Amino acid sequence: MRFSTAIVSAFLAAASLVSAETFTVVVGKDNALVYDPPTVTAKQGDIVEFQFLNKNHTVTQSTFASPCVPKADGVDSGFQSVPAGAQTIPSWSITINNDTAPLWFFCNQGPHCRNGMVFAVNPSAERTFDAFKANAATGGGATAGPNAAPPASPSGSAAAPGGTVAPAANAGAAPGGDNTAAQQAARNSGAFSTKSASVFGLVGAALVGGLLL
Ligand SMILES: *[C@@H]1O[C@H](CO)[C@@H](O)[C@H](O)[C@H]1NC(C)=O
Ligand SMILES: *[C@@H]1O[C@H](CO)[C@@H](O)[C@H](O)[C@H]1NC(C)=O
């Protein structure tokens, strides 16, 4: 009896070593425009769970080239509005399909992206989180809406309006304002699967991988 118990214990220990990890990311911690932590390093099968603490934020997939523009066919939590003093909070999860493919996200509310509310899974040495965030601060590829760069000053005719983001990277993506439930649903179709409710009131889950990049 004792022997078999030891075998079971060893098996469970080994299983826990290889089992998927869940990373919790707090959206809007301390009422700030942040995801906390702003990056995670996850492996295949790991889950990143976003918990929306307050206000009305999103977790919207974008691209390294255009941080503030929803990625065509990307995943999106949609707006999660949390009243002050809420007893339960929404959460939304993604499962990592490919840990060598960096994933990029932003908050699609107002100018939150421009103000630094961006997030990455597995940024690389070439595509760093700092570079992604710096690009977001210039408008992140948005050509309209609150994240778009302010117009160049009239005297500065040499200045390029809209920053330095390659326009080609925006092709097919809606430049801001793509916020209706129907549009969210369309973008999420095929990438979304619902999970049973947790104590946080899970609103959805998505599977993301290299094919979505
Ligand atoms: C959340 O923000 C979106 C976009 O600004 C807005 O359309 C929606 O009405 C807001 N939700 C609530 C409950 O205020
Ligand atoms: C994972 O992502 C990398 C980088 O984008 C890509 O080269 C590779 O083909 C992907 N693997 C799979 C199985 O999709």
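Can we say ASP130 is acidic (Asp, Glu), more than 16 Å from ligand 2 (Cβ to nearest atom) and within 16 Å of the chain's Cα centre (by Cα)?
Considered against the rule, which asks whether it is acidic (Asp, Glu), more than 16 Å from ligand 2 (Cβ to nearest atom) and within 16 Å of the chain's Cα centre (by Cα), ASP130 comes out as yes.
Is it fair to say ASP46 is farther than 19 Å from PRO146 by Cα and either aromatic (Phe, Trp, Tyr) or buried (at least 17 other Cβ atoms within 10 Å of the Cβ) (or both)?
Yes; evaluated as a whole, the condition is true for this residue.
So, VAL25, is that one touching a Gly at 6+ places or on another chain (Cβ under 7 Å), at pLDDT 95 or above and surrounded by 12 or more Cβ atoms within 10 Å (Cβ to Cβ) or not?
Answer is no for this residue.
Any idea which residue in region 103-142 is most open to solvent (accessible area, probe 1.4 Å), counting only those that are in a loop (DSSP other than H, G, I, E, B) and polar (S, T, N, Q)?
ASN115
Step by step: first the residues of region 76-102, then only those that are in a loop (DSSP other than H, G, I, E, B) and within 16 Å of ligand 2 (Cβ to nearest atom), then the one that is surrounded by the most Cβ atoms within 10 Å (Cβ to Cβ). Which residue is that?
PRO102
Rundown of residues vs (1) more than 12 Å from ligand 1 (Cβ to nearest atom); (2) more than 10 Å from VAL27 (Cα to Cα), yes/no style:
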site	(1), (2)
GLN51	yes, no
THR58	no, no
GLN61	yes, yes
SER66	yes, yes
ASP73	yes, yes
SER91	yes, no
ASP99	yes, yes
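The values are calculated or read from the model by the stated rules, or taken from the named source; none is laboratory data. Worth saying up front: this structure is predicted, and the values here are computed from it rather than measured. Here Cβ is always computed from backbone atoms with ideal geometry, including for glycine, and neighbour counts include all displayed protein chains. Only protein heavy atoms, including side chains, enter the accessible area calculation; ligands, DNA and RNA are left aside. Shrake-Rupley method; radii C 1.70, N 1.55, O 1.52, S 1.80 Å.
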